[in-house]
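Asker: Quick one: structure below, then a few questions.
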Amino acid sequence: MRPFTTHTGIVAPLDALNVDTDQIIPKQFLKRIERTGYGDVLFFDWRYQADGSPDPEFEMNAPRYEGASILLTKDNFGCGSSREHAPWALSDYGIRAILATSYADIFYNNCFNNGLLPITLDAATIQGLLDETRAQEGYTLHVDLPAQTITKPDGATFAFEIDGFKKECLLNGWDQIGLTLRHEDRITKYEAARGIA
Amino acid sequence: MPKNIYEKIWDFHTVHDDPSQGTLLYIDRHYVHEVTSPQAFEGLRLAGRPVRRPELTFATMDHNIPTEEDRTKPIADPLSKKQVDTLKANCAEFGITCFDMLDRRNGIVHVIGPELGLTQPGFTIVCGDSHTSTHGAFGALAFGIGTSEVEHVLATQTLAQQRAKTMEIRVNGKLPMGITAKDIILAIIGKIGTAGGTGYVLEYTGEAIRDLTMEGRMTICNMSIEAGARAGLISPDEKAVEYLLGRDYIPKDTPPEELAARWSQWASDPGCAYDKVVELEAAGIEPQVTWGTSPGMVTSVNGRTPVLNEITDENTRMAAAKALKYMDLPEGAPMREIPLNKVFLGSCTNGRIEDLRAAAQVIKGHKVHPAIERAMVVPGSMQVKQQAEAEGLDKVFKDAGFEWRAAGCSMCLGMNEDILSPGDRCASTSNRNFEGRQGKGGRTHLVSPAMAAAAAVRGRFVDIREWQFN
Ligand code: SF4
């Protein structure tokens, strides 16, 4: 897994609640058997018009957000289907970190398995960032995972919370299966005790 | 100290408590389908890892497959075909049982698990599918996982988890006539919200839940994820035992009384504690219909779409405005006046035999309304289909003008040919009314099977409590 340490990037606003994984990547793109190549179809139904051209009404499509790597959104992001294609598509598009007020559980876990950092912030902070992003073209944030801080263009810095172990995994890009297999003897013992031969 | 069912299952399945990584839980059953597994098998191959316990994993194809009755025809969509073939090849390579399209046991993963007795009380069950919560109806801790976790379970038969908080959702009293499990769960989601269960495992209790059949309980647990909870549980009782005994994968060499005793000990102890308790009165639940693009946007069939300036929270108002626009509905519109043109009966929420019986009872002696351009019944499994045909239900549906299809997820998510067209408005027994879920530009109203059937006859929503049964 690709490690995450620090990242500086353009912020793109997605001003919506309950963005479900069907919106992040619609089902017609789940038929592939690869993990890559989903970036072009991220937010497909919102991003493109019927003729395939970008929909100007979709805020993220504005040229000023081109190359964005930090996604700013609201409550319950990633709800619905467990499809890991959602973080795959976000990553493939170039998103490295997400700032939201809350996440759906399965999506949240899926992010960590793909080197994507989901940061939870309170509603006032999110709204403030949203206003600033819209007011200031080229608005960038600096995310520092080891320090657990976010720095704004004016230098103002604030902290965020994250689970210590999840942080460690992201910093090191650890393979979860490898971590678990350190306990293989314990798994074998458990199976023996339960008569799972 | 008295324990609730979640605590019992958690403790029993703890392989190792790592203070940092979390608890390594042993997984008793792993279900796999064609859409979320190919990358996991590929990961194993790349790392040169075997499947640790192939006999504990079971595969089916359901999401992508056509629902035409003739299953010997090759799959027309080359991408779908490739995914289905890939699953078959992966199962063969790694020694996993696969109920493929020609197997009589094929069906939607969450329908066949219980139907085959693969799902049992006290089990830990995972699947790369969020509606794995369904299996909680039998008192199994069952939840959806991502593809990386699918790979993790295949390789290690375990999953590292953080302990969730527990929420008891108690539905008191007797359910009024005509009110179903679907109405209960939609009412619960309407009450606690689509993120109300986030971070929790839910246990449904109370008289109204006890009174439900196993099918009804599965409908409830199925939609726990729509309330934000990864898992929903119901303590196993004699109904769970009765449902399971004699099914294909229930051990035949263990006496039934022993199985019953073993299973019932998983039930929550009297006096156990929960982190949170929510109570509902069954008597107050009316037939539910969703009006928006999230399952929490729900009201009574006798209700109306919201009036925006009555919503005080700005974000909620914004979401409601966006949903009304997508749904092409005015503010304050009576739900009963919304005209429909499609009806979908099926899915892992409401594609079981009891659901088809309930719908057929409503349909009997009626015809699908001329405004309904397409009404389809898609049984949840091939065994449900067979059972329904043995009872003559297929005839009731066909006589009324419904299409009778083979099993699969079908229009629940529209990954195959069964999709809504832009502008279509569908009464659906599935679980998600997200934008475009059933087809780009399609509009979904979630309802119970009986309500969907009545809507097919009238072309509009009707209060099922007023229905004249033939
Ligand atoms: S029927 Fe629908 S919700 Fe159920 S597993 Fe299939 S796609 Fe998912």
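The values are calculated or read from the model by the stated rules, or taken from the named source; none is laboratory data. Just so we're clear, the structure is a prediction, and the values are computed from it rather than from any experiment. All Cβ positions, glycine included, derive from the backbone under ideal geometry; neighbour counts span all protein chains shown. The accessibility values were calculated without ligands, DNA or RNA, using every heavy atom of the protein model including side chains. Shrake-Rupley method; radii C 1.70, N 1.55, O 1.52, S 1.80 Å.
Asker: Under the condition of being touching a residue at least 12 places away in the same chain (Cβ under 8 Å) and touching a strand residue (DSSP E or B) at 6+ places or on another chain (Cβ under 6 Å), which residue from the stretch B:395-405 is nearest to the ligand (Cβ to nearest atom)?
Answerer: Within the stretch B:395-405, the match that is nearest to the ligand (Cβ to nearest atom) is B:ARG405.
Asker: Going through the stretch B:158-180 one residue at a time, which ones are open to solvent by less than 10 Å² (accessible area, probe 1.4 Å), touching a Ser or Thr at 6+ places or on another chain (Cβ under 9 Å) and more than 7 Å from chain A (Cβ to nearest Cβ)?
Answerer: Answer for the stretch B:158-180, where residues must be open to solvent by less than 10 Å² (accessible area, probe 1.4 Å), touching a Ser or Thr at 6+ places or on another chain (Cβ under 9 Å) and more than 7 Å from chain A (Cβ to nearest Cβ): B:LEU159, B:ILE169, B:VAL171.
Asker: Another one. Going through the stretch B:114-144 one residue at a time, which ones are in a helix (DSSP H, G or I) and under 17 Å from B:PHE58 (Cα atoms)?
Answerer: Just the residues of the stretch B:114-144 that are in a helix (DSSP H, G or I), to begin with: B:114-115, B:130-138.
Listed by number, the residues that qualify are B:PRO114, B:GLU115, B:SER130, B:HIS131, B:THR132, B:SER133, B:THR134, B:HIS135.
Asker: Another one. Among what's in the stretch B:230-269 and is of a type in the set (Ser, Thr, Tyr) and not in a helix (DSSP H, G or I), pick the residue that is farthest from the chain's Cα centre (by Cα). Outline the logic, then answer.
Answerer: Kept after step one, since they are of a type in the set (Ser, Thr, Tyr), are these residues of the stretch B:230-269: B:235, B:243, B:249, B:254, B:264, B:268.
Subsequent filtering for residues that are not in a helix (DSSP H, G or I) retains B:235, B:249, B:254, B:268.
Working: B:SER235: 18, B:TYR249: 21, B:THR254: 30, B:SER268: 23 Å.
The selected residue is B:THR254.
Asker: Follow-up question, since we're still on this one. With respect to B:THR72, determine if the residue is of a type in the set (Ser, Thr, Tyr), in contact with a strand residue (DSSP E or B) (Cβ under 6 Å, 6 or more places away or on another chain) and open to solvent by 10 Å² or more (accessible area, probe 1.4 Å). Outline the logic, then answer.
Answerer: Numbers: of a type in the set (Ser, Thr, Tyr): yes; in contact with a strand residue (DSSP E or B) (Cβ under 6 Å, 6 or more places away or on another chain): no; open to solvent by 10 Å² or more (accessible area, probe 1.4 Å): yes.
No; evaluated as a whole, the condition is false for this residue.
Asker: Mind listing whichever residues of the stretch A:17-45 are part of a loop (DSSP other than H, G, I, E, B), touching a residue at least 24 places away in the same chain (Cβ under 8 Å) and at the interface with another protein chain (Cβ under 7 Å from one of its Cβ atoms)?
Answerer: A:LEU17, A:ASN18, A:LEU30, A:ARG35
Asker: Now for a different question. Could you grab me the full set of residues in the stretch A:151-195 that are out of contact with any Pro (no Cβ under 7 Å at 6 or more places or on another chain), outside any helix (DSSP H, G or I) and open to solvent by less than 30 Å² (accessible area, probe 1.4 Å)?
Answerer: Taking the stretch A:151-195 and keeping what is out of contact with any Pro (no Cβ under 7 Å at 6 or more places or on another chain), we get A:151-169, A:174-195.
Imposing the further condition that a residue be outside any helix (DSSP H, G or I) reduces the set to A:151-163, A:174-175, A:182-183, A:195.
Scanning the stretch A:151-195 gives A:PHE160, A:ILE162, A:HIS183.
Asker: Return the residue satisfying two criteria in turn: it lies in the stretch B:308-355 and is more than 16 Å from the ligand (Cβ to nearest atom) and in contact with a Pro (Cβ under 8 Å, 6 or more places away or on another chain), and of such residues it is farthest from the other protein chains (Cβ to nearest Cβ).
Answerer: The residue in question is B:GLY332.
Asker: What are the residues in the stretch B:191-229 that are more than 14 Å from B:LEU175 (Cβ to Cβ), of a type outside the set (D, E, K, R), in a helix (DSSP H, G or I) and within 16 Å of the ligand (Cβ to nearest atom), if any?
Answerer: Selection gives B:MET218, B:CYS221, B:ASN222, B:MET223, B:SER224, B:ILE225, B:ALA227.
Asker: Counting only residues that are surrounded by fewer than 20 Cβ atoms within 10 Å (Cβ to Cβ) and of a type in the set (Ser, Thr, Tyr), which one in the stretch B:5-42 is farthest from the other protein chains (Cβ to nearest Cβ)? It would help to see each step written out before you state the result.
Answerer: Within the stretch B:5-42, the subset surrounded by fewer than 20 Cβ atoms within 10 Å (Cβ to Cβ) is B:7, B:11-12, B:14, B:17-20, B:22-23, B:42.
Among the residues that remain, those that are also of a type in the set (Ser, Thr, Tyr) are: B:14, B:20, B:23.
Working: B:THR14: 9, B:SER20: 4, B:THR23: 11 Å.
Only one residue tops the list, namely B:THR23.
Asker: If I ask for residues that are under 20 Å from A:ALA62 (Cα atoms), assigned to a helix (DSSP H, G or I) and of a type in the set (Phe, Trp, Tyr), which ones from the stretch A:90-145 would you list?
Answerer: Of everything in the stretch A:90-145, just one residue is under 20 Å from A:ALA62 (Cα atoms), assigned to a helix (DSSP H, G or I) and of a type in the set (Phe, Trp, Tyr), namely A:TYR93.
Asker: Working only within the stretch B:406-463, note down all residues that are within 16 Å of the ligand (Cβ to nearest atom), of a type in the set (D, E, K, R) and more than 10 Å from chain A (Cβ to nearest Cβ).
Answerer: B:GLU417, B:ASP418
Asker: For the stretch A:33-58, how many residues are under 29 Å from A:ASP175 (Cβ atoms) and buried (at least 17 other Cβ atoms within 10 Å of the Cβ)? Reasoning before the result, please.
Answerer: Restricting attention to the stretch A:33-58, the residues satisfying the condition of being under 29 Å from A:ASP175 (Cβ atoms) are A:33-42.
After this cut, where a residue has to be buried (at least 17 other Cβ atoms within 10 Å of the Cβ) as well, the list is A:33, A:35, A:38, A:41-42.
The total comes to 5.
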